[in-house]
Amino acid sequence: MAASEKDREEVFYEALEIQDSAQRAAYLDEACAGDSDLRAGVEALLKAHERAGDFLKTPAVASETVESSPHLEGPGTVIGHYELLELTGEGGMGLVYLAEQEEPIRRKVALKIIKLGMDTKQVIARFEAERQALAMMDHPNIAKVFDAGSTDTGRPYFVMELVKGVPITEYCDKNNLETKQRLELFVDVCKAVQHAHEKGIVHRDIKPSNVLITLHDGKPVPKVIDFGIAKATAHRLTEKTLFTRFAQMIGTPEYMSPEQAEFSGLDIDARSDIYSLGVLLYQLLTGVTPFDAERLREAGYAEMQRIIREDEPDKPSTRLNTMGDASSDVAKHRKASPDLLRKLLRGDLDLIVMKTLEKDRTRRYERAVELAADVERHLNNKPVLAAPPSMAYRLRKFVRRNRVAVITVVLIAAALAIGVASTSLTFLKSDRLAGRVEQPTPNYRLVLLGSVRKLI
């Protein structure tokens, strides 16, 4: 294949993953850079792709939706040991079915299969990356992979744990969880992401719809799902694994780290997930993301990149001040008043969140477990690493952490001080009284004579 053909194909695939027409046009302006032949060739491919049908669309920057598209499978189809029951979700490259495993055990599972028409090398590579990424992980807060294979038509599929849940933000608001309860769930999410990082996997698309809450014995349990755009950092998942190509936006803009948005030669590592976790924490605390999704998409492709890379978001407590009447509804879902919620966020939580959202990734937490530990320190009224280590700050945290003991000591000290003062006053009065009794009465005649002599 000639070099120009390679360029055209690469630009075509990148443009294909941009749904918004304005953003796509902005990308083509930049990628083609005045090359009219390249631009014409790419646009011809895009028009041909559109004529092929909606089922070939592969959105990369929009949320997954269930779209109508022709499938070879349907309810009643048997694939391996699994009977498909119903279509539950459809993403850019895969279909997700509720299925029932027949043997060796009978159970409900989720079966994900590549979409008809999407079985290109690039898509299969990502699909295999997701399957193998999940297979390497074993954590109670990450969806498990049970099986894998390919259909009679050669399209790969894998079978994973069926997670019946709702996005973490939706669950928290629906159940009016207090800030403390939200933080406890968030800590579990951080530990799950840490497990993935230890396996060499960076998720790269952490957001509420990929963190579901399911109930185990009535207790909410977070489950991190959808490693479809995960990147292996320590393992070669498959020979067809794709590296991030030039100008390819992978992720969801409002949760995307600056290094994901800038398309530089900077490698994406675990600290990108730390940023996304920070956005998720921001949303759990305030009900909104640091940068509004609609604003980002309306800004245009280049401006969206600039906002993510350069604009500094407000602190959570400050953001509440700018929300007006909406802050009352946000506080209500957290069983607090707006003033109380601002007070809860001001200080440690502001500092923790803003540390995760640093533009310079070297200033963020190095690992997800460090973020989890800092949140736990806040919950236990211990000094957090995100805060400046002043003596006054540490003393305040010590008092909050040991409130009863400190009050007891203060009362004892006060009682001792009062006792010492009372005893001292008693002795002083006694001494003065004794001094009055023992002191001889002055001889006023001699005093008077002495004064007269001085005058003379």
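The values are calculated or read from the model by the stated rules, or taken from the named source; none is laboratory data. Predicted, not measured: the structure shown is a model, and the values here were computed from it. Note: ideal-geometry Cβ built from the backbone for every residue, glycine included; neighbour counts use all protein chains shown. Just so you know, the surface numbers come from the protein's heavy atoms only, side chains and all, with ligands and any DNA or RNA stripped out. Shrake-Rupley method; radii C 1.70, N 1.55, O 1.52, S 1.80 Å.
Quick notes on this one:
- Residues in the stretch 139-151 that are in a loop (DSSP other than H, G, I, E, B), within 27 Å of V279 (Cβ to Cβ) and touching a residue at least 24 places away in the same chain (Cβ under 8 Å): H139, P140, N141, A143.
- At least 3 residues being hydrophobic (A, V, I, L, M, F, W, C) is the threshold, and among the strands (runs of 3 or more DSSP E) wholly inside the stretch 152-226 those reaching it are 156-160, 211-216.
- Selection from the stretch 78-113 of residues that are of a type outside the set (K, R), touching a Leu at 6+ places or on another chain (Cβ under 8 Å) and at pLDDT below 90: T88, G89, L95, V96, I113
- Only listed residue being open to solvent by 70 Å² or more (accessible area, probe 1.4 Å), more than 15 Å from L281 (Cβ to Cβ), of a type in the set (K, R) and in contact (Cβ under 8 Å) with a residue 60 or more places away in the chain, chosen from K335, K359: K335
- Residues of the stretch 265-290 classified as open to solvent by less than 10 Å² (accessible area, probe 1.4 Å) and without any contact (Cβ under 8 Å) to a residue 60 or more places away in the chain, total: 1
- Matching entry among E366, E358, E376 (being within 19 Å of the chain's Cα centre (by Cα) and part of a helix (DSSP H, G or I)): E376
- Here the stretch 133-146 is the region considered, the condition is being open to solvent by 50 Å² or more (accessible area, probe 1.4 Å) and more than 20 Å from the chain's Cα centre (by Cα), and the residue that is nearest to V193 (Cα to Cα) is D138.
- Failed item, numbered, when G149 is tested on (1) in contact with a Gly (Cβ under 7 Å, 6 or more places away or on another chain); (2) closer than 27 Å to G287 by Cα: (2)
- Qualifying residue in the stretch 275-282 (condition: within 22 Å of P167 (Cα to Cα) and outside any helix (DSSP H, G or I)): no
- Matching residues, the stretch 182-207, being at pLDDT below 95 and farther than 23 Å from A129 by Cβ: none
- Failed item in (1) farther than 28 Å from D348 by Cβ; (2) charged (D, E, K, R); (3) open to solvent by less than 60 Å² (accessible area, probe 1.4 Å), with R182 passing the rest: (1)
- Output for the stretch 297-317, where each listed residue is farther than 20 Å from Y275 by Cβ and of a type in the set (A, V, I, L, M): A302
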